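Laboratory data are not the source of any read-out in this text; all were calculated from the coordinates shown. This is a predicted model, so every value here is computed, not measured. Heads up, the Cβs are rebuilt from the backbone with ideal geometry, glycines too, and the neighbour counts pull from every protein chain shown.
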Amino acid sequence: MQIDRRIIYLFVAIGTILPIIFVIGLPVSITPPVQMAFDRIENQLQKGDIALVSFDYGPSSAPENAPMADAILRHCFSKGIKVVVIALYPLGGLSEAVNEVNKVVAEFPELKYGVDYVNLGYKDGAQAAMKKMAENIHEVFPTDMNGTPLDELPIMKNIRTYRDMKLVVSLATGIIGEWWANLVNAQFGIPVIVGPTAVSAPKYYAYLEAKQMAGLLGGLKGASEYERLVVNSYPKLAEVYATPGLYTATKGMDVQSIVHLIMIAFIVFGNIVYFTSKRKPRKAS
Amino acid sequence: MKRQIPLLLTFLAGAIPTIAFFVPQKHVGLVSTTLDSWLIIVAGFALLLGVVNVVQMNTNKIKRQASGWPYAIVLLAGLAIMGFFGVAGAFDKFGGIATRPDGSSTPFDWLYKYGFLPLQGTMFALLAFFMASASYRAFRARNTEATILLIAALLVMFGRIPFGEMVSKWFPLATEWIMGKPNMAAQRGIMIGAALGAASMALRVILGIERSYLGLGKGE
Amino acid sequence: MEPENAKELGLKYQVLRTDKPDGEYTTVGEAGAGEQECVDRGLIDGQAYYYKVRSALGAGFADSEPTQAAFSKGNWFRFYRLNALVLLVVFSSAVLYYITRARKAKPIYIRKIAGLDAVDEAVGRATEMGKKMLYIPGIMSVDEIQTIASLAILGHVAKLSATYNADLEVPNKDPLTFAAARETVKEAYLEAGRPDLFREEMVNYVTYDQFAYTASVTGKMVRERPATNFLIGSFYAESLLLAETGQSIGAIQISGTAEVAQLPFFVVACDYTLIGEELYAASAYLSREPVLLGSIKGQDITKFLLIVALGLGVVLESIGIKFMTTAFRMR
Amino acid sequence: MPGLGTWLAAFFTLCMLSFLYKDNPFFRLAESFFAGLSLGYYIGIVMNQTLKPNLVLPLIHDFQANWHLVFAAGLGVILYFRYIKRVAWVSRWALAVYVGYYVGVNMMQKLHGEVIPQVGDTMLSLSYHGIGTLWNLVMVIGVLSVLIYFYFSTEHKGVIGGISRIGIWFLMISFGAAFGYTVMGRVSLLIGRMVFLVNEWARPLIGLIT
């Protein structure tokens, strides 16, 4: 009954690595909060509309948040929606924004920086910045992350406040995501979609019910659902998502399912052995 | 005197925030926030205590050639490199300790990104393995309590993955219910009890009854 | 001034405040349509404040002109914290009363706490086996009350260790806890009459990073194979890393924490776990000092009163009387 | 070809993972380096983010307004008196003030911020309003029974013993559920490390060979 713990470790390691290399694609059912988020971008935004994508997470939660960011960016770019990227998370938000934007943009060679998308960089003091952006974004971010003044960027010429944009998407690990819902949406009315980590997702259902959010991608599972939705609607993205070296939430969710099942299997196995071995001595006596 | 002064200081320092909590007078609040800002600095000074101890212990190890002494050299090397760039950064050498405005890494930031973060992240990630081995060993239906523990864990784990939802939509609902009701109730009970225990401990400290942390024995 | 259907439209008034004439305003209160009152709390007397009123409807809003500087005064007490004061007074009187009573040598009963009964045995086992004992006082500083509680237990463990001449080691993550732990252990050896056995290296410092500390301590565990591990204090994610490694080397493990999120891991991987309040009661339980036991009794009396209040609150709430919930939710 | 940084990060990742098999020189190397590196890191952080902005710069820029910070530095220096035998006992003062202040802060925070709201939020109505009544009852019983479990000054037998047993059951449900709920977060962290190893280090390397 005592098995070497390293055997368990081996199973967990294989269960983690294999789904990262090979796409398994275990079925996922689409939940309403994710469908709402997808429908908002798919049906209520038009080509040329502006979406603000805020990177409110750091490297520590990247396995969960990065696939959400990728899927949202891919969806926007596929539909011809222009994207303004900002980062408000102090511990590595900017580097995440740069990584993910560069990765996705490389898949869309037709996109022009400053016209179709822009990265305004990181701003300290998230809440104050979020409020100030309702008055003038140009004051909060005088330049983009490369130091180019905003007025020299065609995309930013007509964007001054939240009113010039159609949607905010926040990929969040902490409280910043909640501020988008209970502060920016509540005070300025712009629709907000938040992609929080699985741990903090339950808190967001209240905002969703109060219609302070236009959609919710809860953790890896939410991200994998979103991936399914965009893959089904855009054949080009189906190709992108089949690239071998690409980490996706679908793969991540496969790992989750498999590792959970491995753990459950070991627990059940342990109990079966426990009960069968407990009966034997009784028979002997 | 050696005994009384520290106890008196503890009492006074403890009384200030307690009074400031109830009394909205400007001066009371000011005393409290000033003390707070001081103590952040004291905590900063304290780190050096640790550094001194680490350097002492490891140089001793190397001098005595105690078992594993080469690792003490590795440790001190890591401390020296990172510490050097950290201190230099405070004097604005090498561009400080964060990334430079153009996005390139300062040496401190580079070491953080490629040394500190992967080491920290991997240590943290080992937990996934340890949870698997711990759950295999501990979740056995040995008695009533252990069985309850086992069932709750299995139900929640199953309800968290899409597979569970496909078997029955009741699994995620049951998970949510367990987390929101019985789990929440138990956690509240623990929190209320622990908060009372902590407050009682705090009171004993302020009154000088509990003093082992100062290295002051029972003697009145 | 307000439209008749203001309520249906969801018109809200927000009161905004700043402490500088040109400062940034933050929302301090809200009133629905038809309400005329809004209370701002947490002000400091004598400080100038400026207010403006914002009428908000959906996404749109309109601001009033800022007010002249306003001062709050005459307040010597935050009345909305009355409930906390009542609790503090009841609580400290109960604790103080039982402490004085205990001084008059009235014995106080304390129920069995298995984890604490095991401390003697755990120290004894390490001595017999001629192996080390590790005492890990959590990873937080002495500003955390759990750390203070842990140091009190450490004092007891160190005294036993001095008596038995066991090999005790206390690795630290926080430098102030390190300083305090050294004082504690030194004093304990002195009280046990064995100051000669105390060595400074017993209490040492590792590093300030949670996981680097954990890596060092787990490394130490697998190399030096201590017979006993104490994991007592405030722990976070490292709880299971430490406890599972200790389990794998077959050490007796006594753990204790009030961090609700870490309790499951200690319960799963340790032989004994002090849960929440048991951690704080430990020093009284171990030392059997009447004064400390008295404070536990006072704590229990407060708990009893809270249970009564909770029961009463449930009954009143059920018949629609909100008095108790209002009193407890006043913030 | 992966860059130097990636190689370094991959090496450290593998060293740490090797601990799962057993203790070995690679793990010990990484562990020792990590201990030193992290301590050096916090030296940098404390210098740059605590002492410089909170002590040195205020004193240099506006001494008149910030002279009181000299006392803070004094308290900090007192900590080191322990190395001088004759005045070692003074080093306790800093500790005494530090502990006293935060213990005072915590005491009120625990009573006002935890006890009162947690008890208040449990005062749930038990008048019948559908299934929610039952759930409220579960909540109230759970909190009460766990509190009784923590009751120290009475023997746990008879009715008290029975109720405290129920409290233990609630605790067990909570521990099991919380354990199961945490698995997902921990696996996510592992995914992060594995994705790094596979996609950023191993793949470019294999691509180089094939």
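Taking the dipole about the Cα centre of the protein assembly as shown, with the C-beta of Lys and Arg at +1 and of Asp and Glu at -1, give me whichever of B:Leu216, C:Val123, A:Gln212 is farthest to the positive side.
C:Val123
Once the Cα gyration tensor of the range A:182-221 is diagonalised, what are the square roots of 5 times its eigenvalues, in whole Å and ordered largest first, as equivalent ellipsoid semi-axes? Mind showing how you got there, number by number?
Numbers: eigenvalues 69, 17, 12 Å².
Calculated on Cα positions only, the semi-axes equal 19, 9, 8 Å.
By how many degrees, 0 to 90 and rounded to 10, does the Cα axis of helix A:93-105 deviate from the longest principal axis of chain A?
The two axes meet at around 90 degrees.
Over every pair of different alpha-carbon atoms in the range B:1-64, take the mean of 1/r and invert it; report that Kirkwood radius in Å. Each step should come with its number before you reach the end.
Details: mean 1/r = 0.0681 Å⁻¹.
It works out to 14.7 Å.
Just how many % of Cα pairs in the range C:77-155 lie over 22 Å apart, if you round to the nearest whole percent? The partial results should precede the final answer.
Values: 1796 of 3081 pairs.
Value for the range C:77-155: 58 percent of Cα pairs lie more than 22 Å apart.
What are the equivalent ellipsoid semi-axes of chain D, built from the alpha-carbon gyration tensor (square roots of five times its eigenvalues), in whole angstrom, biggest first?
On the way: eigenvalues 399, 288, 79 Å².
Rounded to whole Å, the semi-axes are 45, 38, 20.
Mind checking the mean number of beta-carbon atoms from other chains within 10 Å of the Cβ atoms in D:8-16? Don't skip to the answer; put the middle values down first.
Numbers: counts 6, 9, 2, 3, 10, 5, 2, 3, 11.
Across D:8-16, the average partner-chain Cβ count within 10 Å equals 6.
Take peptide D:163-171, look around each residue's Cβ out to 10 angstrom, count Cβ atoms belonging to other protein chains, and average those counts.
Details: counts 0, 1, 2, 0, 4, 5, 7, 10, 15.
Mean partner shielding for this stretch: 5.
Using modelled amide H (1.01 Å from N, peptide plane; none on Pro or chain starts), what sits under 5 Å from the amide H of C:Val203, excluding residues fewer than 5 places away?
C:Val170
What fraction of the Cα pairs in the range A:69-128, stated in percent, has a spacing above 17 angstrom?
Working: 647 of 1770 pairs.
Considering the range A:69-128, 37 percent of its Cα-Cα pairs are separated by more than 17 Å.
Enumerate the residues in the range D:122-166 having an amide nitrogen under 16 Å from the point lying 7 Å beyond the Cα of C:Lys112 toward its Cβ.
D:152-158, D:161-162, D:164-165
Using R₀ = 35 Å, calculate the FRET efficiency as 1/(1 + (r/R₀)^6) where r is the Cβ-Cβ separation of A:Ile272 and A:Tyr205; round to 0.05. Before the final figure, lay out the partial values.
On the way: r = 38 Å, r/R0 = 1.07.
Taking R0 as 35 Å, the efficiency between A:Ile272 and A:Tyr205 is 0.40.
How big is the equivalent ellipsoid of the range B:67-137 along its three axes, where each semi-axis is √(5λ) from the Cα gyration tensor, reported in whole Å from largest to smallest?
Values: eigenvalues 205, 74, 10 Å².
For the range B:67-137, the ellipsoid semi-axes come out as 32, 19, 7 Å.
What Kirkwood Rh does the range D:74-123 have if only Cα atoms enter the pairwise 1/r average? Answer in Å. The partial results should precede the final answer.
Values: mean 1/r = 0.0769 Å⁻¹.
Across the range D:74-123, the inverse of the average 1/r is 13.0 Å.
Taking the range C:230-331 as the region of interest, what is the percent of Cα-Cα pairs per 10 angstrom bin, listed from the shortest bin to the one with the maximum distance?
14, 28, 25, 23, 9, 1
Mind checking the log10 I(q)/I(0) for the range A:1-45 at q = 0.26, 0.29, 0.31 Å⁻¹? Debye, one equal scatterer per Cα, no solvent, two decimals.
Debye intensities relative to I(0), on a log10 scale: -0.89, -0.96, -1.01.
Quick one: which residues, 5 or more positions from A:Tyr89 or on another chain, have an amide H under 5 Å from its amide H? H modelled 1.01 Å from N in the peptide plane, none for Pro or chain starts.
Residues meeting the criterion, in which the H sits 1.01 Å from N, are A:Tyr57.
Gap in Å between the Cα centre of the range A:194-264 and the Cα centre of the range B:69-128?
A separation of 33 Å, based on Cα centres.
Within 10 Å of each candidate Cβ there may be at most 15 other Cβ atoms; applying that plus a DSSP loop requirement, which trypsin sites (Lys or Arg not before Pro) in the range C:143-245 survive? Intermediate values should be presented prior to the final figure.
On the way: sites: C:Lys159, C:Lys173, C:Arg182, C:Lys186, C:Arg199, C:Lys220, C:Arg223; in loops: C:Lys173, C:Arg199.
Filter output for the range C:143-245: C:Arg199.
When the C-alpha atoms of the range B:100-190 are aligned to their principal axes, what extent does each axis show, in angstrom, from largest down?
That works out to 57, 31, 29 Å along the principal axes.
Once phi is turned into θ = phi - 60°, what whole-Hz ³J(HN,Hα) does the Karplus curve with 6.51, -1.76 and 1.60 give for every residue of the range A:216-231, x standing for Gly and Pro?
Using θ = phi - 60°, the values come out as 8, 10, x, x, 4, 5, x, 5, 5, 4, 5, 4, 4, 5, 6, 5 Hz.
Take the Cα atoms of the range A:212-285, build their convex hull, and give its volume per residue in Å³.
On the way: hull volume 10.1 nm³, N = 74.
Value for the range A:212-285: 137 Å³ per residue.
Go through D:14-21, C:224-231, C:80-87 and give me the packing order, highest mean Cβ count within 10 Å leading.
Details: D:14-21: 19.5, C:224-231: 23.8, C:80-87: 17.5.
Ranked from most to least packed, the peptides come out as C:224-231, D:14-21, C:80-87.
Give me the compactness ratio for the protein assembly as shown, meaning the Cα radius of gyration over 2.2 N^0.38 Å. Before the final figure, lay out each step's value.
Details: Rg = 29.4 Å, N = 1046, 2.2 N^0.38 = 30.9 Å.
Against the empirical 2.2 N^0.38 Å value, I get 0.95 for the protein assembly as shown.
Report the far tail of the P(r) of the range B:15-114, meaning the percent of Cα-Cα pairs longer than 24 Å. Kindly include the intermediate steps, with their values, before the conclusion.
Numbers: 2617 of 4950 pairs.
It works out to 53 percent of all Cα pairs.
In vacuum, with every alpha carbon of the range C:160-279 counted as one equal point scatterer, what does the Debye formula give for log10 I(q)/I(0) at q = 0.20 Å⁻¹? Two decimals, please.
These q points yield log10 I(q)/I(0) values of -1.22.
Using the Cα atoms of the range A:31-243, I'd like the radius of gyration and the largest Cα-Cα distance, Dmax, both in angstrom.
Expressed in Å, the Cα Rg and Dmax of the range A:31-243 come to 15.4, 42.
Mind giving me the nanometre distance, one decimal, between the label points for B:Gln65 and D:Ser18, set 7 Å out from Cα along Cα→Cβ?
2.5
Taking the Cα centre of the range A:31-243 as origin, work out the dipole magnitude from +1 charges on Lys and Arg Cβ and -1 charges on Asp and Glu Cβ, in debye rounded to 20.
Charge dipole, the range A:31-243, about its Cα centre: 380 debye, nearest 20.
List the chymotrypsin sites (Phe, Trp or Tyr not before Pro) within the range C:89-145 that DSSP assigns to loop and that have no more than 11 neighbouring Cβ atoms inside 10 Å.
Details: sites: C:Phe91, C:Tyr97, C:Tyr98, C:Tyr109, C:Tyr135; in loops: C:Tyr109.
Taking the range C:89-145 and a limit of 11 other Cβ atoms within 10 Å, the loop chymotrypsin sites (Phe, Trp or Tyr not before Pro) found are C:Tyr109.
So if R0 is 51 Å, what FRET efficiency would D:Trp135 and D:Arg86 give, r being the distance between their Cβ atoms, rounded to the nearest 0.05?
Working: r = 66 Å, r/R0 = 1.29.
Step by step, r from the Cβ atoms, then E = 0.20.
Based only on Cα atoms, what Rg/Rh ratio does the range D:49-93 have, Rh being taken as Kirkwood's radius? Present the calculation step by step, with values, prior to reporting the outcome.
Numbers: Rg = 12.9 Å, Rh = 11.5 Å.
Radius of gyration relative to Kirkwood radius: 1.12.
Once the dipole of chain B is set up with Lys and Arg at +1 and Asp and Glu at -1 on Cβ about the Cα centre, which of B:Tyr114, B:Ala66, B:Met157 lies farthest towards its positive end?
Ranked along the dipole, the leading option is B:Ala66.
Show the residues, 5+ positions off or on another chain, whose built amide H is closer than 5 Å to the amide H of D:Leu126.
Amide H to amide H, under 5 Å and 5 or more residues apart or across chains, D:Leu126 pairs with C:Ser318.
Based on the inverse mean of 1/r over its pairs of different Cα atoms, what is the Kirkwood hydrodynamic radius of the range D:124-210, in Å? Don't skip to the answer; put the middle values down first.
Working: mean 1/r = 0.0582 Å⁻¹.
Taking the inverse mean of 1/r over all distinct Cα pairs, the range D:124-210 comes out at 17.2 Å.
Averaged across C:135-148, how many Cβ atoms of other chains sit within 10 Å of each residue's Cβ atom?
Values: counts 0, 0, 1, 0, 0, 0, 5, 10, 9, 4, 16, 5, 3, 13.
That average works out to 5.
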